[in-house]
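Engineer: Okay, here's the structure, questions in a sec.
The values are calculated or read from the model by the stated rules, or taken from the named source; none is laboratory data. These figures come from a predicted structure and were not determined experimentally. Neighbour counts run over all protein chains shown; Cβ positions are idealised from the backbone, glycine included. Quick note on the areas: whole protein, heavy atoms, side chains included, nothing else; ligands and nucleic acids left out. Shrake-Rupley method; radii C 1.70, N 1.55, O 1.52, S 1.80 Å.
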Amino acid sequence: MVSEFSSNKLYSGQRSNEVIGLELGLSTVDCYLPLLENAAASWILSLPDDQTRDQKRLKRTVSIADSIASGNSLYSGGSSISRSSSTSSLNSLSRLQFRDHIWTYTQRYLAAEAVEEAAAAMINAEDGGGEEDGNGDGMRLVQLLIACAEAVACRDKAHASALLSELRANALVFGSSFQRVASCFVKGLTDRLALVQPLGTVGFVSPTMNIMDIASSDEKEEALRLVYEICPHIQFGHFVANSSILEAFEGESFVHVVDLGMTLGLPRGNQWRRLIESLANRAGQPPRRLRITAVGLCVDKFQIIGHDLQDYAKEFGINLEFSVVKSNLENLRPEDIKVHENEVLVVNSILQLHCVVKESRGALNSVLQIIHELSPKLLVLVEQDSSHNGPFFLGRFMEALHYYAAIFDSLDAMLPKYDTRRAKIEQFYFAEEIKNIVSCEGPVRVERHERVDQWRRRMSRAGFQAAPIKMIAQAQKWLHNKKLCEGYTVVEEKGCLVLGWKSKPIIATSCWKC
C-alpha cells in the first residue's frame, strides 16, 4: 500500500511541479523536493497503525554509512547540500549529491515521527496514562500542524487556510501544554502564509519589523523578568558564566568584562550583582578595579543598570567603572572597546551571538574576529541548544516544535493551568521566538539557534580553542538547590554544560580561549 500510494502521488504531481519549478527558476531536482516532502508527510498522516509500525521498522534500515558519507544532519544546524543553479539539471548532479537530497528528506520524515512520538508521550503524561480520545485529539493536532506547515511551504494558500481554521479551534492558549505551544505555531504559520507570494514569483518577502522595538515593549520586558524568575534557563547560564569568569579572574587586580547585550537588559543587572558579591567574598583581596563594558543599542537602559551596579559595588568596597558601546553586534568595531594594559579581559555572551548567524556567515565571522583581536582570556557563550537555522523551512519547523513543546511541558509542571504568569511567559516571550523562527526569512529572522556541535565548529574555524567547563558537580548542586520540579537535568557534553528537560537539551554553556 505504501509503494502504491507514494507512486501514485509522485506520478500525479510530476508534471505540475516541473512547470512550477521552471517558473520559479529552480533546477529539476529542486522541483522534485516538494514531492518527497509530501510523500513523507502522507505516510505520517495517512498510514494505519500497523503500517506506521512497519514504517518505524523500516526507518532503522537507513544506512549509517550513507549518513556518515553525506555529512548532513537535520539537527546539526548545517547542511552539506548544494543547491544547483537555474541552469543545472538532474543529470549534472553527482550520484552522491542526489543521495544527500534523499537522505535529507528521510531525516525530515524521521523528525516528523519524533515530534509525533514526543507529543504522544506528553499527551499521555497529561492524561495520566491517557484516555484514548484525548490522545487522539492530541495526535490530530500534531498532524494538522505538520500538514499546515507543508501547505504553507508549498504555497497552497487555500489548503493552508482551511487547516489554520481548524487549528485555531483546537490550539487553545489555556489548554494542554501541546495545545498552547500549537497556538504559538499557528500564529507563526498565519504570518508566514500572509507573506507567501503567488506561484510564478521568486522568493519570500520578509516582513518589515523593528526587532529592537519588539524587545523593548512592556509585555516583552515583563515576560523576560518572569522567565528569569521562574524558569532556570537564564539563571543557569549566569551561574556557569560567573563561575568561569571568577576562575579567570583568580588573583587578578584589574579585571574587565565586555557584556554583549548586557545580560538581556534585565533591569537589575542580576548577573553582575552575583559576580560582585562573589568577587568580594572570595579568599584574598577583591580586585582593585572592575570594569564592565555593555554593548548594545539600549543606551539609556544600560546606563541606569550601570549606575545601580556602581552603587552596589561600593557597598562591597569594589571600584566599578561602567561604560556603554552604542552598537549592534554586526556593526561593532575593535576600536569601540577600550582595553587597558595589565587588565584581564573576559567577553560574556548570553543568548546573543545566534542573532548574527546569517546565511552568509559573514556577520558572525566578523564579530568573532573582533573578539579574537581583543585577545580575551575567556569567551563565555550561552545559547539555546537546538537546530532552528537549517536550510529548509520544514526542518526548522519540526525541530522548533519539538524544542518548544519540551519548554511548554516544563512550564506545565511549574505553574498552575490558569496562571497568568505562565500565559505571559508563553505568549510574550517564547511565542515571539517561535513566530520569528516560523514566519521570518532573511535579515529579520534573528532567532537562529544552533546545536552545540555546530557552535563548536564555528568557534574552531574562527580560531578559538575550547576551554572545558569542569564544574558538573557544582552545576548539579546548583540545580538541586533551586528546588525546581523534577524533570530538569544538567549534563556534561564534550566540555560543555547542557541544561535539559526530560533529556531534551534546552540551554548549552561553553567557554573559549584564543
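Engineer: Take the solvent-accessible surface of the protein heavy atoms, probe 1.4 Å, and return the percent of it on the range 429-481 that carbon and sulfur atoms account for.
Structural biologist: Working: 1140 of 2190 Å².
That share works out to 52 percent.
Engineer: Cross-link list LYS220/LYS424; LYS301/LYS377; LYS338/LYS377; LYS477/LYS502; LYS157/LYS187: which exceed 20 angstrom alpha carbon to alpha carbon? Spell out each step's value before the answer.
Structural biologist: Details: LYS220/LYS424 9 Å; LYS301/LYS377 28 Å; LYS338/LYS377 15 Å; LYS477/LYS502 18 Å; LYS157/LYS187 15 Å.
Flagged as over cut-off: LYS301/LYS377.
Engineer: How long is the gain from GLU229 to ALA158 if the chain were fully straight, where each residue apart is worth 0.36 nm and the alpha carbon distance is subtracted?
Structural biologist: Values: separation 71, 0.36 × 71 = 25.56 nm, distance 4.28 nm.
Difference between extended and current length: 21.3 nm.
Engineer: At most 16 other Cβ atoms within 10 Å and a DSSP loop assignment: could you name the chymotrypsin sites (Phe, Trp or Tyr not before Pro) in the range 411-514 that fit? Mind showing how you got there, number by number?
Structural biologist: Working: sites: TYR418, PHE428, TYR429, PHE430, TRP455, PHE464, TRP478, TYR488, TRP501, TRP512; in loops: TYR418, PHE464.
Sites meeting the loop and neighbour criteria: TYR418.
Engineer: Right, something else. I want to verify the translational diffusion coefficient of the range 268-407 in µm²/s; compute it with Stokes-Einstein, Rh as the Kirkwood radius over Cα pairs, at 20 °C and 1.002 mPa s. Mind showing how you got there, number by number?
Structural biologist: Numbers: Rh = 17.4 Å.
Translational diffusion coefficient: 123 µm²/s.
Engineer: At GLU166 and GLU359, where each label point lies 7 Å from the Cα along Cα→Cβ, what is the point-to-point distance in nanometres?
Structural biologist: In this crude label model, GLU166 to GLU359 measures out at 3.3 nm.
Engineer: With a ≥ b ≥ c taken as the square roots of the eigenvalues of the C-alpha gyration tensor of the range 245-327, please select rounded if a/c is under 1.5 and otherwise prolate if a/b is larger than b/c or oblate if it is not? Spell out each step's value before the answer.
Structural biologist: Numbers: a/c = 2.08, a/b = 1.74, b/c = 1.20.
Verdict is prolate for the range 245-327.
Engineer: Please work out whether the range 418-514 counts as rounded, prolate or oblate from its C-alpha gyration tensor, where a ≥ b ≥ c are the square roots of the eigenvalues and a/c under 1.5 means rounded, while otherwise a/b larger than b/c means prolate and anything else oblate? Intermediate results must be reported in sequence, preceding the final value.
Structural biologist: Details: a/c = 2.90, a/b = 1.11, b/c = 2.62.
In terms of gyration-tensor shape, oblate.
Engineer: Also: What is the sum of charges, Lys and Arg at +1 and Asp and Glu at -1, for the other residues whose Cβ falls under 10 Å from the Cβ of LYS435?
Structural biologist: On the way: positive: LYS187, ARG192; negative: ASP191, GLU432, GLU433, GLU447.
Here the count lands on -2.
Engineer: Describe numerically, in nm with one decimal, the distance between label points set 7 Å from Cα along Cα→Cβ at ALA283 and at GLU492.
Structural biologist: 2.2 nm
Engineer: Further question on the same structure: For TYR404, TYR228, what's the largest-to-smallest order of accessible area, 1.4 Å probe?
Structural biologist: Details: TYR404 0, TYR228 30 Å².
Ranking TYR404, TYR228 by accessible area, largest first, yields TYR228, TYR404.
Engineer: Continuing with this model, one more query. Fully extended, how many nm does the chain gain between VAL444 and MET139 (0.36 nm per residue separation, minus their Cα-Cα distance)? Mind showing how you got there, number by number?
Structural biologist: Working: separation 305, 0.36 × 305 = 109.80 nm, distance 3.22 nm.
Gain on extension, VAL444 to MET139, equals 106.6 nm.
Engineer: Excluding ligands and nucleic acids, what accessible area in Å² is computed for VAL325 using a 1.4 Å probe, to the nearest 10?
Structural biologist: Accessible area, nearest 10 Å²: 20 Å².
Engineer: Hey, for a label at SER323 modelled as a point 7 Å past Cα toward Cβ, could you say which residues of the range 280-313 have their backbone N under 14 Å away?
Structural biologist: In the range 280-313, the label zone of SER323 (backbone N under 14 Å from the point 7 Å along Cα→Cβ) covers 290-296.
Engineer: Using a Förster distance of 45 angstrom, determine the FRET efficiency expected from the C-beta separation of TYR418 and ARG333, and round it to 0.05.
Structural biologist: Working: r = 50 Å, r/R0 = 1.10.
So the FRET efficiency works out to roughly 0.35.
Engineer: Starting from 0.36 nm per residue, how many nanometres of slack lie between LEU484 and GLN465 once their C-alpha separation is accounted for?
Structural biologist: 3.5 nm
Engineer: Normalised by the residues of the range 283-413, what does the relative contact order come to in percent, with Cα pairs under 8 Å and at least six apart? Don't jump to the answer; show the numbers that get you there.
Structural biologist: Details: 132 pairs, mean separation 25.8, N = 131.
After rounding, I find 20 percent.
Engineer: Another question, then. What FRET efficiency, computed as 1/(1 + (r/R0)^6) with R0 = 22 Å and r the Cβ-Cβ distance, is obtained for LEU374 and SER253, rounded to the nearest 0.05?
Structural biologist: On the way: r = 20 Å, r/R0 = 0.89.
E(calc), rounded to 0.05, equals 0.65.
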